[in-house]
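Below you'll find the structure, written out as structure tokens, and then a few comments.
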Amino acid sequence: MASVKDFSPFAPSTVECPYPFYAAMRTEAPVYQVPGLGFFIVSRYEDIERVLLDTEHFSSKTGPGVRREPSPEIIEIWSQGWLPVATLLTNDPPTHRRYRGLVNKAFTPRRVAAWEPEIRTVTHELIDSFIADGHVELVRQFAVPLPLTVIADALGVPRTDMPQFKKWSDDAVAPLGGMISHERELECARSTVEFQHYFAAKLEERRTHPRDDLLTDLINSRIEGETPLNMGEMLNMLQQLLVAGNETTTNLIASAMLLLLQNPAQMEEARADRTRIPNLIEEALRLESPVQGLFRTAKVDVEVGGVMIPAGSRIVIMYASGNRDDGKFAQAETFDVCRANAKDHLAFGAGIHYCLGAPLARLEGKIAFEILFDRLSNLRLAPDKNDLTHTPSFILRGLQELHVEFERA
Ligand code: HEM
């Protein structure tokens, strides 16, 4: 049995398997202050939901990740582009409402639904590229390129620029987990500036030559009485679409596949009745939440779960722990594609910051498994190739590789 006193958030063994520690926290110390680090971890479903919905006492402004004050070198690099603006993830009411309202107008259900044929085509193309081999490294050959290609197409990035686009996406996410060197942080800052100049040119082009795409919608997005978005704001939002959308969806697809491979009876259930695929996606999000937790800051002294949290304290809302809370989900550690309340998970957050891209992520996950099931059978873990290690991050959870063998269906 794990105990909170052995919990060390950045230890490789914790990154590999944090769940016994979350379970220990839920029982021993549901609102746990990590010794030496000072931040609190909120681990029970009910308390997490309460913090998420209470923007009066808890702020997102200090950023969702492990905080490091930007060094003067980083600020110098940023000043060659557009300095960070608080738009969505890092904002609070009332200004959050304006940004969210404007981006909602660009990222509409209609636009997401219109991507479906494209998502199907990309999924088929990716499977075509490895089906003759009888095996695949699913992360690199499928789960990474699928969301990346979809969002790149949506943003009008030509396929030839995809490697660059992937690098921008990785470099935007890497600093969040708090586990990279200063050199790497500088590289990520340079990458942000490159990304900004690339998209600033594209946005300017859309002003004069509008198209039926997300960038044009962003340029044209208007709310009566509100000023339209300026360039720095648009770029910040675009970066969030990249940060929030790619690695998370990759990790969802890979972890859902691993759960199925490790639970063959559940694989059969889902294959036998394809209408279960959407619930399979919810259940995978619940058990292997790609965003394990994010930070908030207490605006005032505030009590959560019987613990007094002093003003200014940082708090991790650990979605992944709430999602395994037996108080909410019966036999919470069990993977059950037919679970009736799987969709109650907190993997997309709750309240005003609820994931903007949830409909897109769900659609991509659903289409991925529909087509994988249609075209591949006898899916199994490749023997001797899988160490099933995860990306080193306290915030995001994702398999580094997943080697799978199969036959053509
Ligand atoms: C499985 C995939 C995904 C997961 C698990 C996920 C998870 C989350 C979570 C937990 C939040 C809430 C943050 C908070 O409470 O502070 C969030 C917000 C957000 N997500 Fe996602 N996300 C996913 C996919 C996407 C995609 C595909 C996009 C867009 C292309 C996206 C864009 C965003 C944005 C812009 C926000 C900020 C919304 C706001 O602050 O108003 N996400 N996401």
Distance in nm between pseudo-label sites at ARG97 and LEU186 (7 Å out along the Cβ direction from Cα)
4.4
For the range 251-386, the Cα gyration tensor yields equivalent-ellipsoid semi-axes (√(5λ), largest first, whole Å) of 33, 15, 14
Quick calc: nm separation of the 7 Å Cα→Cβ label points for ASN220 and THR62 -> 4.2
If you take the C-alpha gyration tensor of the range 161-246, multiply each eigenvalue by 5 and take the square root, what semi-axes do you get, largest first, in whole Å?
27, 14, 11
Rounded to 0.05, the calculated FRET efficiency for the beta carbons of GLN33 and LEU53 at R₀ = 25 Å is 0.65
If Rh is defined by the Kirkwood formula over all Cα pairs and Rg also comes from Cα, what ratio Rg/Rh do you get for the range 213-322?
1.13
Asserting the computed 222 nm helical MRE of the chain (DSSP H runs at least 4 long, -39500 (n - 2.57) per run, divided by residue count, to nearest 500) equals -14500 deg cm²/dmol
Full extension from MET1 to ASP128: what is 0.36 nm times the residue separation minus their Cα-Cα distance, to one decimal in nm?
41.2 nm
Take each complete run of DSSP H in the chain, measure how far its Cα atoms stretch along the helix's own axis, and keep only those covering 24 Å or more with mean Kyte-Doolittle hydropathy at least -0.5; list them.
231-262, 358-375
I need the phi-derived Karplus couplings for the range 313-319: 6.51 cos²θ - 1.76 cosθ + 1.60, θ = phi - 60°, integer Hz, Gly and Pro marked x.
6, 9, 9, 9, 8, 8, 3
Computed FRET value (nearest 0.05) for ARG380 with THR334, which takes r as the C-beta separation and R₀ as 22 Å:
0.55
As straight-line cross-link partners of LYS366, the qualifying lysines (C-alpha separation under 19 Å, not fewer than 8 residues apart within one chain) are LYS343
Compute the label zone of GLU205 within the range 128-166: residues whose backbone N is under 18 Å from the point 7 Å along Cα-to-Cβ.
149-166
Relative contact order for the range 4-408: what percent, with Cα pairs under 8 Å and sequence separation of 6 or more?
27
Restricting attention to the alpha-carbon atoms of the chain, what are Rg (one decimal) and Dmax (integer), both in Å?
21.0, 63
Under a point spin-label approximation (7 Å from Cα along Cα-to-Cβ), what is the SER13-ASP273 distance to one decimal in nm?
4.2
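Read the figures in this text as sums done on the coordinates, not as results from a lab. None of these values were measured; they are calculated from a predicted model. So basically every Cβ, Gly included, is an ideal-geometry build from the backbone, and we count neighbours across all protein chains shown.
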